[in-house]
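I have placed the structure first, in the form of structure tokens, so that the comments after it can refer back to it.
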Amino acid sequence: MLSLVEKIVFVIIALSAMGASFITFGKMFRAIGRGTQPINWKDALLNFSKGLKVFISQNSLFKTRPVIGFIHALVAWGFTLYLLVNVVDILYGFIPDFHFFSNYLFGKLYRLFVDFFTVMVLVGVAYFLVRRFIVNDSRLIINEPVMLSAEARSGMRRDSFIVGCFILFHVGARFLSASFEIAKNSADSFQPAATMVSLLWSNLSEENIILFEHITWWIALGLILGFLPYFPYTKHAHLFMGPLNFMVSQERSSMAALEKIDFEDDSIEQFGAGKIEHLPQKQLLDAYACIQCSRCQDACPAYETGKELSPSALEINKRYFLNTHLDEFIDGSIPDAAITDILLTDEAAWSCTTCGYCVEVCPVGNEPMLDILRARQDLVMMESKFPQDAMETFDKIENYGNPWGLSPQERENWMEGRDVPLMREKKEAEVLYWAGCAGAYDSRGKEISQAVVDVLNEAEVDFASLGNEETCTGDSARRIGNEYLFQMMAEQNLETFDKYKFKKIVTQCPHCFTTLKNDYSELGANLEVVHHSQFIGELVSEGKINPKSWMDEDVTYHDACYLGRHNDEYDAPRDVIQSIMRNGELKEMEQSREKSFCCGAGGGNMWYEIETGERINHNRFEQAAETGATTVATACNFCNIMMEDGMKVTGNDDNMKVVDIAELVAQSLSK
């Protein structure tokens with residue numbers, strides 16, 4: 001189809017585009033390489049099948065917004081198909097009378113697929129352009145008071161417009177080129193859409209049809225060549241960087257578990273991440289994988305209650321900072337810039353409840369929560385910039401072994417009136433019951449601990465408690481950023497564990513559950529830890545206890561983030577609740593299970609107050625009240641505290657109550 005001159009020009013442009021692309025892609029990966037904790041590219045290649053699965057299936061898009069996700073998947077599939085289409089079109093342009101298996105079934109199916117997906121891509125991209133620029137979908141907007149850099153604020157719309165128009169004109173020009181080819185030859189039943197458009201050219205001369213075929217061919221392929229070098233600077237890079245992000249992701253014991261810091265290594269000069277180059281390479285790759293869809297803030301408790309944090313803004317700010325200062329960042333000449341000056345504010349860093357929603361729903365495997373946890377480590381251990389209440393919490397944990405600051409000798413007070421064997425007397429037990437700080441010191445927590453013990457005794461479980469030997473797991477210290485204090489508490493507990501023999505630990509606190517099971521494994525421990533909802537569920541299913549069905553009122557269950565999202569346990573608490581239901585019904589809140597909304601206590605927020613915006617627990621309790629249920633069931637001491645506070649503040653304390661699932665079962669056993 002092309003003349004000799006056209007072929008020469010195309011080759012020159014193509015070689016130039018590839019050379020420029022080599023430079024720009026190289027800069028992108030050199031920027032990623034400036035991070036800490038180098039990516040193991042050999043392991044990443046071994047994970048190729050994982051990335052390929054995400055790339056082909058686009059299944060990560062359907063966690064939330066399924067309709068929009070499907071439209072996006074159609075665009076992605078169509079654009080992926082166009083990788084082959086562009087190669088075929090180049091061959092068509094360079095080889096006279098070339099047609100891709102035109103007389104074979106494969107070639108016919110190829111033309112049909114291309115025709116169908118061309119229309120789908122055009123419709124999908126037009127939809128996304130209208131959604132972003134005309135409808136101004138609120139889910140794509142990052143609201144005040146979130147910090148969004150000037151570069152990001154203007155660049156988001158500009159880049160979305162450029163990418164949208166590129167796809168629209170590239171695919172559209174190729175579609176028109178196919179229609180001109182059909183008009184030049186004859187109708188093609190395997191290209192119904194292009195054939196319909198070709199009817200518009202019936203009055204054109206053959207010379208004009210050939211001319212327009214050449215023009216549209218050049219527009220379609222020329223746009224690809226022109227866009228390639230610009231590709232790494234656009235959000236469209238997520239098409240390939242997203243699957244790559246899944247390939248380089250490390251297996252973690254839980255989504256909030258960070259690697260152990262060796263405080264005895266004198267060569268370590270930086271704890272946490274104070275600057276963007278302190279982030280691991282994977283976290284820098286996150287910026288290039290970001291699709292800017294803002295799914296991560298849809299149920300972010302901080303963002304949804306009007307605080308300064310948006311995990312979406314964090315990644316977008318990171319991306320535009322790298323784009324703006326790329327050369328300086330690569331060669332290390334960039335001026336000092338703190339993460340809390342360029343990615344998020346100090347208050348935003350402390351607003352995160354580490355609920356994990358942003359990590360759970362991200363379609364490209366980004367982990368903004370880890371950026372925040374690393375920033376907190378820097379703020380606490382390097383800068384000493386953190387809320388005053390957090391300082392008091394650290395002091396209480398270090399000096400008293402609990403964040404309440406109460407005497408260690410009072411840890412056994414909750415046991416009064418209950419038969420609670422002590423490990424220091426038994427030395428050995430099947431189950432070590434871990435009450436936790438809240439279970440030992442909080443007034444409602446004590447009642448929950450007593451209910452758990454009642455259930456254990458009813459089932460004749462061989463158990464014992466550490467009593468006064470128990471001390472804080474260090475969960476809050478670690479989430480707030482004091483890794484040193486966390487390790488100190490962990491070592492103390494592990495030394496205590498070594499004194500006794502037991503097979504498993506049972507606890508009603510998901511924060512203790514996660515820390516003992518997952519975080520301690522990062523320190524080399526190998527503990528079998530079971531949440532009380534799981535253990536009680538096993539007792540019921542094995543017939544060791546027989547709860548009576550007595551609940552006639554409707555119940556709604558609040559998913560604890562550290563039980564559900566962090567440990568993928570959603571069914572056990574619901575099964576326990578169902579075991580005591582008679583005429584009542586278990587009613588789900590609008591945001592439940594994987595899409596649940598945090599109570600607001602996680603990430604250390606239990607111990608300090610973020611005054612900006614609405615209280616998270618008040619928002620959550622209103623969701624519970626909307627179900628019409630009179631009982632709110634929890635499976636977490638912190639959740640119980642926060643939901644009870646929400647119940648009182650929202651004026652529902654006269655007609656609703658908050659109970660732990662263990663209390664429901666204990667009550668059924670006493671009937």
### Task
Can you tell me the alpha carbon radius of gyration of segment 257-371 divided by the globular rule-of-thumb value 2.2 N^0.38 Å?
1.09
#### Entry: Overall Cα dimensions of segment 199-240, principal axis frame, Å, largest first
43, 17, 11
### Task
Provide the per residue accessible area, probe 1.4 Å, for the chain, rounded to a whole number of square angstrom.
41
### Task
Please sort 370-376, 664-670 by packing, taking for each peptide the average over its residues of neighbouring beta carbons within 10 angstrom, highest first.
370-376, 664-670
### Task
Can you tell me the relative contact order of the chain? Whole percent, Cα pairs under 8 Å, sequence separation 6 or more.
13
### Message
Can you tell me what share of the DSSP beta bridges in the chain is antiparallel? A percent to the nearest 5 is fine.
### Response
5
#### Entry: Residues whose placed amide H lies under 5 Å from that of V529, excluding near-sequence neighbours
I505
### Message
Using the Cα centre of the chain as the reference point, and only Cβ charges (+1 on K/R, -1 on D/E), how large is the resulting charge dipole? Debye, rounded to the nearest 20.
### Response
2440
### 222 nm mean residue ellipticity, helices alone, for the chain (DSSP H n ≥ 4; -39,500 (n - 2.57); rounded to 500)
-16500 deg cm²/dmol
### Message
How large is the accessible surface of D115 in square angstrom, using a 1.4 angstrom probe and rounding to the nearest 10?
### Response
10
### Query
Farthest toward the dipole's positive end in segment 285-364, which of S312, C296, A348, given Cβ charges of +1 (Lys, Arg) and -1 (Asp, Glu) about the Cα centre?
C296
### Summary
Between the alpha carbon centres of segment 454-495 and segment 228-285 the gap in Å comes to 31
### Summary
In whole Å, largest first, the alpha carbons of segment 347-386 cover along the principal axes 35, 15, 11
#### Entry: Cβ charges +1 (Lys, Arg) and -1 (Asp, Glu), total dipole of segment 576-652, debye
260
### Query
How would D475, D554 rank on accessible area, largest to smallest, probe 1.4 Å?
D554, D475
#### Entry: Rg/Rh (Cα only; Kirkwood hydrodynamic radius) as it applies to segment 154-215
1.16
### Task
Kindly write out, for segment 594-604 in residue order, the coupling ³J(HN,Hα) from the Karplus curve 6.51 cos²θ - 1.76 cosθ + 1.60 (θ = phi - 60°), rounded to whole Hz, with x marking Gly and Pro.
4, 9, 5, 10, 5, 7, x, 9, x, x, x
### Message
Assuming 0.36 nm per residue, please report the length gained on full extension of the stretch E425 to K544 beyond their Cα-Cα distance.
### Response
40.3 nm
#### Entry: Computed magnitude of the charge dipole of segment 329-447 (debye, nearest 20; Cβ of K, R +1, Cβ of D, E -1)
460
### Message
Just to compare against my own numbers: the Cα pair-distance distribution for the chain, 10 Å bins, whole % per bin, please.
### Response
3, 14, 22, 21, 16, 11, 8, 4, 1, 0, 0
### Summary
Looking only at lysines whose Cα falls under 23 Å of K108's and that sit 8 or more positions away or on another chain, we get K184
### Task
Return the lysines within reach of K517: Cα separation strictly under 18 angstrom, same-chain partners fewer than 8 residues apart disregarded; answer none if there are no such residues.
K260, K501, K503, K504
### Task
Compare the Cα positions of V452, W404, V576 along the charge dipole of the chain (+1 at Cβ of Lys, Arg; -1 at Cβ of Asp, Glu; about the Cα centre) and return the one farthest towards the positive end.
V576
### Summary
Any lysines whose Cα falls less than 18 Å from that of K27, other than same-chain ones fewer than 8 residues away, would be K235, K282, K318
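The values are calculated or read from the model by the stated rules, or taken from the named source; none is laboratory data. Note that the coordinates shown come from a computational prediction; the quantities given were computed from them, not determined experimentally. Glycine also receives a Cβ, built like all others from the backbone with ideal geometry; neighbour counts cover every protein chain displayed. When the accessible area is computed, the model is the full protein with side chains, heavy atoms only, and any ligands, DNA or RNA have been set aside. Shrake-Rupley method; radii C 1.70, N 1.55, O 1.52, S 1.80 Å.
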